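Since the structure comes first, as structure tokens, the remarks are kept for the end.
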Number of protein chains: 2
Amino acid sequence: MNAEARLRECLARIEARELEVRAFVHLDVDGALAQARALDAGAVRGPLHGLPLGVKDIFDTHDMPTECGSTIFAGHRPRVDAAAVALCRAAGAIVIGKTVTTEFANMTAGVTRNPHRLAHSPGGSSSGSAAAVADGMLPLALGTQTAGSLIRPAAYCGVVGFKPSFGRVPRAGVKPNADSMDTVGGFGRSVADAALLASVLTGDARLREWAVPERVRIGLAPGPDWAQADADVFACWEHAQRALAPQAARCEDAALPPDFADVAAVQAAIQAAETAQALAFEHRTHRASLSDALLALLDKGRAMDAETLAAHRARADRWRREVDALFDRHDVLLTPSTSGEAPAGLQFTGDPLFCRPWSLLGLPCVHLPFASGSNGLPLGLQLVGRHGDDHRLIAAAQWCMDRLA
Amino acid sequence: MNAEARLRECLARIEARELEVRAFVHLDVDGALAQARALDAGAVRGPLHGLPLGVKDIFDTHDMPTECGSTIFAGHRPRVDAAAVALCRAAGAIVIGKTVTTEFANMTAGVTRNPHRLAHSPGGSSSGSAAAVADGMLPLALGTQTAGSLIRPAAYCGVVGFKPSFGRVPRAGVKPNADSMDTVGGFGRSVADAALLASVLTGDARLREWAVPERVRIGLAPGPDWAQADADVFACWEHAQRALAPQAARCEDAALPPDFADVAAVQAAIQAAETAQALAFEHRTHRASLSDALLALLDKGRAMDAETLAAHRARADRWRREVDALFDRHDVLLTPSTSGEAPAGLQFTGDPLFCRPWSLLGLPCVHLPFASGSNGLPLGLQLVGRHGDDHRLIAAAQWCMDRLA
């Protein structure tokens, strides 16, 4: 199929569904068509040749507004593309539009609905990107994660979400949230699709040249907050153990750090402090335009003294070393993505609780969508890899999906 | 002195000297005066109350253009202030203008001259900020460092330059260069001034509440590139040893990692790769507007494969651990800032060779200006601290300055 035909399929799906799903804040149909025709007429074929791409609206685009889910940025036109957008375009992707984000990629919901059940949240903060891919509007979309903004909406919408290792994808032109954790990643309908996108974002060709391994050493890491998971997640977990353990090279409990019970609180504290720094101008100058929830987070972050913050960071550094050592024994860690299916209602985008540990540690994560819960909404689990071993994580994820889905 | 009177002194100096020094790309005299009067009329006194501040032109400002030293950003008007600028303004600083940067904070020089000798370089990339403080136009100015862009111009201009620990100052709204090393810092006429500015940038009150210690444990770290330093630096080094060793708790050679000879090359390689990512849009879309030197750097960065880059990063991680352990024995490391005085000519901003190791490792650094070289231009040495120990580094720096200057 040529680029224009593929794009027209996406546009038809968007036309049929967007009024209900509301995944986009901005669509550039004419620009996308022009780009598709140029690609069809051209000789160059990049890794993303002709693939329509949605871009979370905290990524700068030189040819479309970038509003960050906030009236403070209403109609804002950046001078240049975010680096991640430029890399995708250079690889042949067609940016079809900007997708809905929560307010500054934090907790206050946008207008997007879950395409599987419109009265339920798609998750956040990369709401529109996950929903658009889940609904078949797009094969690929860009998102970011600071706490759980890629893995959670991927889980709620039933698509593959991939957060690469911290520090591997350029963040130039992406509105910052918490500098030590903000990570660019993406959504696809398959592990291979999400990895293909990440290969362009990272410049790491190994993410499109991997082979599924014979066997995988799985560390089971339900984690300190396991009791917060509901019966659907328990069932999912049982199914995964039954399907994976007999064929795995190893499938056993991973020995998480003894004080890992604090990990989510430490992640949340560091995020609050860094977000308060990053949004200092908005906080000071546009207070009335910020949601109460975001203001509360910023006030909490500003109130933290330097010694407390340093102590949190020191614990995070130690956990990074301790968890890194686990990967000598396990290729990947299996852990929940969420506490259950997408919550009902559009105000609450769900709890990032099960994503916070791996965001704090900067580890690569992939959501595996292979089940559904008692409401019939998508469900799955999360696979976490060693820092920098993104290509091995992806290969192990495919090994798992071959046995789970 | 009230804020307006102090500001008028700075403006008088700028008027007298700016045509020669050329530190600014943009001045906002009316805005600065209005802000000074508002501060004088107000009740609130922040830590930077009424202090005029220069801002390197890669920091976004909502009320002034931000051009990044490139015609690609000619006349660009950001929507919001960079977080660092907002924090300074909230603390009472008066942003008087934007200071000259090299092209995208890389190697291609801007128009600024060294205020001590107009035919010599002020260093880069934070050229205008260092020159303005050195010339008495401003008490404080913001800069950034990726390789040697704070410490080198501080050394060439004879002011205190302070690069805080990596990850402690928000970078939101600062044009990225190399994401794993870009660090916001600043210039002042004294250690205390530079630390005061950093206390606002980091939110760490310990940077304005330190006391000079009784004694300091100094590790001598001339480093693997010591042979590149000239006779002026040798003389400076001898003087420092004579002045500090008798009063130090310890003053002895620090045991740098055995393969540290590669550190500058590894830093340069990682920087090239990350800068090529960060400037992907400019590289693809505005090639003709980039300097040949920057294009060469970007091409070098793009040509690096993921495995090579990962190997460089693994070595950097190991060096971080090994050098961190040195601080059990030494409070600070003493090392050159530059290979000599400011070079003649305005095209070459000097070699960041002696700054690359500490930028790669993310350690806090301060330039101590206490000498002059055979051309009569400023000279000094660099003090490096443990990651996160910025307040202890500052206190040790004052201890050294008390004995050196």
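The values are calculated or read from the model by the stated rules, or taken from the named source; none is laboratory data. The structure displayed is predicted, hence computed values, not measured ones. Please note: Cβ atoms are built from the backbone with ideal geometry, for glycine as well, and neighbour counts cover all protein chains shown.
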Practice task
Please find, within the range B:198-209, the residue that is surrounded by the fewest Cβ atoms within 10 Å (Cβ to Cβ) out of those that are within 10 Å of another protein chain (Cβ to nearest Cβ) and at negative phi.
Solution key: B:205
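Starting from residues that are charged (D, E, K, R) and away from chain B (no Cβ under 11 Å), keep the ones in the range A:287-316 and report whichever is farthest from residue A:106 (Cα to Cα).
Once the filter is applied, the top-ranked residue is A:315.
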Problem - Residue that is surrounded by the fewest Cβ atoms within 10 Å (Cβ to Cβ) [pool: residues in the range A:74-113 that are charged (D, E, K, R), outside any helix (DSSP H, G or I) and more than 14 Å from every other protein chain (Cβ to nearest Cβ)] - result: A:113
Exercise for the section: Take residue B:55 and decide whether it is touching a residue at least 12 places away in the same chain (Cβ under 8 Å), assigned by TED's automatic domain parsing to the domain that holds residue B:197, among the β-branched types (Val, Ile, Thr) and touching a Leu at 6+ places or on another chain (Cβ under 8 Å). Expected result: yes
Handout entry: Per-region count, the range A:339-377, residues more than 14 Å from the chain's Cα centre (by Cα), buried (at least 24 other Cβ atoms within 10 Å of the Cβ) and in a strand (DSSP E or B)
Key = 0
Problem - the range B:213-227, residues that are surrounded by fewer than 19 Cβ atoms within 10 Å (Cβ to Cβ) and either of a type in the set (Gly, Ala, Ser) or within 14 Å of another protein chain (Cβ to nearest Cβ) (or both) - result: B:227
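For (1) of a type in the set (A, V, I, L, M, F, W, C); (2) free of Cβ contacts under 8 Å to residues at least 12 places away in the same chain; (3) crowded, with 24+ Cβ neighbours inside 10 Å, each residue gets a yes or a no:
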{"site": "A:150", "(1), (2), (3)": "yes, no, yes"}
{"site": "A:155", "(1), (2), (3)": "yes, no, yes"}
{"site": "A:163", "(1), (2), (3)": "no, no, yes"}
{"site": "A:170", "(1), (2), (3)": "no, no, yes"}
{"site": "A:193", "(1), (2), (3)": "no, no, no"}
{"site": "A:196", "(1), (2), (3)": "yes, no, no"}
{"site": "A:211", "(1), (2), (3)": "yes, no, no"}
Exercise for the section: Kindly establish whether residue A:260 is within 14 Å of another protein chain (Cβ to nearest Cβ) and at pLDDT 95 or above. Expected result: no
Handout entry: Condition check for residue B:40: within 11 Å of chain A (Cβ to nearest Cβ), touching a residue at least 12 places away in the same chain (Cβ under 8 Å) and surrounded by fewer than 24 Cβ atoms within 10 Å (Cβ to Cβ)
Key = no
Exercise for the section: Return only the number of the condition from (1) assigned by TED's automatic domain parsing to the domain that holds residue A:349; (2) part of a helix (DSSP H, G or I); (3) within 22 Å of the chain's Cα centre (by Cα) that residue A:222 does not satisfy. Expected result: (2)
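Check A:121, A:180 and return the single one that is more than 15 Å from the chain's Cα centre (by Cα), surrounded by fewer than 24 Cβ atoms within 10 Å (Cβ to Cβ) and not aliphatic (A, V, I, L, M).
One residue alone meets the criteria, A:180.
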Practice task
Name, by its number, the condition in (1) more than 28 Å from residue B:275 (Cβ to Cβ); (2) assigned to a loop (DSSP other than H, G, I, E, B); (3) of a type outside the set (Gly, Ala, Ser) that does not hold for residue A:33.
Solution key: (2)
Handout entry: Test result for residue B:101, more than 20 Å from residue A:282 (Cβ to Cβ) and in contact with an Asp or Glu (Cβ under 8 Å, 6 or more places away or on another chain)
Key = yes
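What residue, of B:271, B:267, B:277, B:241, is of a type in the set (S, T, N, Q), surrounded by fewer than 19 Cβ atoms within 10 Å (Cβ to Cβ) and either touching a residue at least 24 places away in the same chain (Cβ under 8 Å) or out of contact with any strand residue (DSSP E or B) (no Cβ under 6 Å at 6 or more places or on another chain) (or both)?
B:241
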Fill in the blank from the handout: From the option list B:146, B:71, B:61, single residue qualifying as of a type in the set (Ser, Thr, Tyr), within 14 Å of chain A (Cβ to nearest Cβ), more than 18 Å from the chain's Cα centre (by Cα) and crowded, with 24+ Cβ neighbours inside 10 Å is B:61
